[in-house]
Amino acid sequence: MLLPLLVRQSLCCPHVQLTRCVRTLRCDAARTLRSQTEHFLQRRLPLRSHTQSRGIKSRNRKSKSQEEDWKNKNKTVLTYIAAAGVGMIGLSYAAVPLYRLYCQASGLGGMAVAGHDAEQVETMEPVKERVIKITFNADRHASMQWNFRPQQTEIFVVPGETALAFYRARNPTDKAITGISTYNVVPFDAGQYFNKIQCFCFEEQRLNPHEEVDMPVFFYIDPEFDEDPRMARVDTITLSYTFFEAKEGQKLPVPGYSYN
Amino acid sequence: MSTAMNFGSKSFRPRAPDKGSFPLDHFGECKAFKETFMKCLRENSFDNSKCRLQSKDYLQCRMDNQLMTKEPLEKLGFKDLVDPPPSQADGDTKP
């Protein structure tokens, strides 16, 4: 755009005008150049300082942000781990009632069965083909002075039929003795089919001096015993009762010693 | 007992009886019935199925003398004995 002006001016007033124009041109150019370089420098300077500061600052900022990032990440990971730990502890506490509920619902474990036995006794049918011999065993603790023995060595029952058996206990001493008993069934797997309706175990039984009593056990074998393949070869079940002395504040004696 | 060191198999867990514990017969009120029952067992080579009538009588005696909570005999598995049965025990149950 300047050119046509310059050409006109040069045409009109050649020398001075030309120099003036050239000067202005130069000045202009210089000015523009200068402004441009200034502009450039300004742009560059902050750039440079920016990169430098970014270099230092940015390196600082980078490391800082990285550190912050890492810190944040660590914090979140730690929070997750802590939450998982607390969750596991809570789950282990909650597992006890949950497992009990599950056992009651599914009937597994034998300990938590509730209520099904009463109706079963009424409606069960004896499996007459399967005869099982029940042998009886009586034990007592070494310091227990009762005489305790079964009144029959064995009895033949069939699953699904209620049976009665007797033990006899005698107190030969001159003082009343209270005993408490527990029982055991061998083989262990058959024990889950051995249902006692009523017996004399787990409760304190008091015998006066020189007293003799009959202790009955009323039980039945679950009819499902016949259907269990694991029980196919089981023909003998042994019921074993053990009596212990029950006394307030008793110090358990060393096995093998007995007082008289 | 359950102290066998086989952790794989289930160990025995004693269970409480369904109806609790029999009160002790201190006065021998049902001793006669028990003797009848034991006599029956000895005569029948300890076959429980043949002596169910006697066991029913013993439990009835216990209930009458308040040595056992009263319950209908069907609930104790004697429903075939409560109704007049044609025969008390049927089938050969000897091993």
- Selection from the stretch A:226-259 of residues that are modelled with pLDDT under 55, touching a Ser or Thr at 6+ places or on another chain (Cβ under 8 Å) and of a type in the set (S, T, N, Q): A:Ser258
- Can you name the residue in the stretch B:11-57 that is facing another protein chain (nearest Cβ under 7 Å) and aromatic (Phe, Trp, Tyr) and, of all such residues, is farthest from A:Thr178 (Cα to Cα)? B:Phe46
- Message: For the stretch B:48-72: of the residues being among the charged types (D, E, K, R) and surrounded by fewer than 21 Cβ atoms within 10 Å (Cβ to Cβ), which is nearest to A:Phe166 (Cα to Cα)?
- Response: B:Asp57
- Note on the structure: Among strands (runs of 3 or more DSSP E) entirely inside the stretch A:145-239, those with 3 or more residues being more than 7 Å from every other protein chain (Cβ to nearest Cβ) and either hydrophobic (A, V, I, L, M, F, W, C) or surrounded by fewer than 21 Cβ atoms within 10 Å (Cβ to Cβ) (or both) are A:147-150, A:162-170, A:177-186, A:212-221
- Message: I'd like to verify a number: residues in the stretch A:89-124 that are loosely packed, with under 12 Cβ neighbours inside 10 Å and at pLDDT 80 or above, how many?
- Response: 11
- Query: What is the number of the single condition among (1) modelled with pLDDT of 90 or more; (2) within 29 Å of B:Ser49 (Cβ to Cβ) that A:Arg170 does not meet?
  - Reply: (2)
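The values are calculated or read from the model by the stated rules, or taken from the named source; none is laboratory data. Remember, predicted model here, so these are calculated numbers, not experimental data. Cβ: placed from backbone, ideal geometry, glycine included. Neighbour counts: every protein chain shown.
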